[in-house]
Amino acid sequence: APAQRGAPPAKLDVKGVKHIVAVSSAKGGVGKSTTAVNLALALKANGLKVGILDADIYGPSIPRLLNIKEKPTTVEGTRILQPIMAYGIAAMSIGLLVEEDAPMIWRGPMVVSALTQMLRDVAWNMEGDLDVLVVDMPPGTGDIQLTMAQQVPLSGSVIVSTPQDLALLDARKGIAMFKKVSIPILGIVENMSYFLCPSCGEKHDIFGHGGARETAEKIGIPFLGEIPLYMDIRERSDSGCPIVATEPDDPHSAIYLQLAKDVA
Ligand code: ADP
């Protein structure tokens, strides 16, 4: 029967996944993917079974951040893809399936169907049901966000923002959208929050400070904490050795581990 006009579309059945948590940001370059990866690894370090889905179809970065080189294969006799295990978490990204530049020219419906496939046609429970699937969202509010909001049974969303006003302004737009479609917002993380100078030991608020906390309080959503601008986070992230997996005792890893506790 044709869907009733105005009825919300049915939610996708994502098998073998208990909770889906989206990591979003209003604009690119704020450290959303880095936060998503380290959060996923921190959830795993806290004893959960974790997966990460790269929903940033136009700019997938999970293969690089987790140093994944191999291509996924299908479960024999089916079209179900097997996620790639990296640092103990199950990962899937459009970047593993197509040539790097291909999705740049895709139209909306293709992007949405790629996302749907990566949610539904992946053996996320290859090694037992996942407690959490972390979804690295594309920045902003486009087709993918809308699909995620309407068709995916999300448990909640974590919003990453830098302290700059502009980022916050956009974050508010993003928050308005999530509120409209009633996805619970788990909270805001302020990334690149401050810089602890390794030579003088002083804390520098390069992009200003406290903006994200203030906004969070103003709009009544939890503030999940501050992640400083830190060379090792960047270097490890960009070379595929995320800090939480490779330097678990670093105080910066402790920040992600605490974030994972607050989110779980
Ligand atoms: P986005 O997903 O928002 O586009 P990325 O996670 O790709 O952002 O981060 C953008 C750049 O900033 C990357 O080079 C990343 O390593 C770096 N970066 C992210 N967070 C931090 C941080 N807390 N300290 C230092 N560099 C960071």
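The values are calculated or read from the model by the stated rules, or taken from the named source; none is laboratory data. Here the structure is a predicted model, which is why all the values come from computation and not from measurement. Ideal geometry is used to build each Cβ from the backbone, glycine not excepted, and the neighbour counts take in all protein chains shown.
The set of residues from segment 23-45 being in contact with a helix residue (DSSP H, G or I) (Cβ under 7 Å, 6 or more places away or on another chain), modelled with pLDDT under 95 and either over 22 Å from Gln117 (Cβ atoms) or near the ligand (Cβ under 7 Å from one of its atoms) (or both) comprises Ser25, Ala26, Lys27, Val30. Selection of segment 183-200 for residues being modelled with pLDDT of 85 or more, crowded, with 20+ Cβ neighbours inside 10 Å and more than 16 Å from the ligand (Cβ to nearest atom) yields Ile185, Leu186.
Listed here are the helices (runs of 4 or more DSSP H) enclosed by segment 173-258 that have at least 1 residues being under 17 Å from Asn38 (Cα atoms) and over 18 Å from the mean Cα position of the chain (by Cα): 231-238, 243-246.
If you go through segment 242-261 and keep only what is in contact (Cβ under 8 Å) with a residue 12 or more places away in the chain and surrounded by fewer than 16 Cβ atoms within 10 Å (Cβ to Cβ), you end up with Glu247, Pro248, Gln258, Lys261. Of the residues examined, Ser113 is not one that is within 16 Å of the ligand (Cβ to nearest atom) and polar (S, T, N, Q).
The residues listed here are Ile233, Ile221; of these, the one that is among the hydrophobic types (A, V, I, L, M, F, W, C) and within 11 Å of the ligand (Cβ to nearest atom) is Ile233. Considering Glu226, Glu247, the condition of being among the acidic types (Asp, Glu) and at pLDDT 95 or above is satisfied by Glu247 alone.
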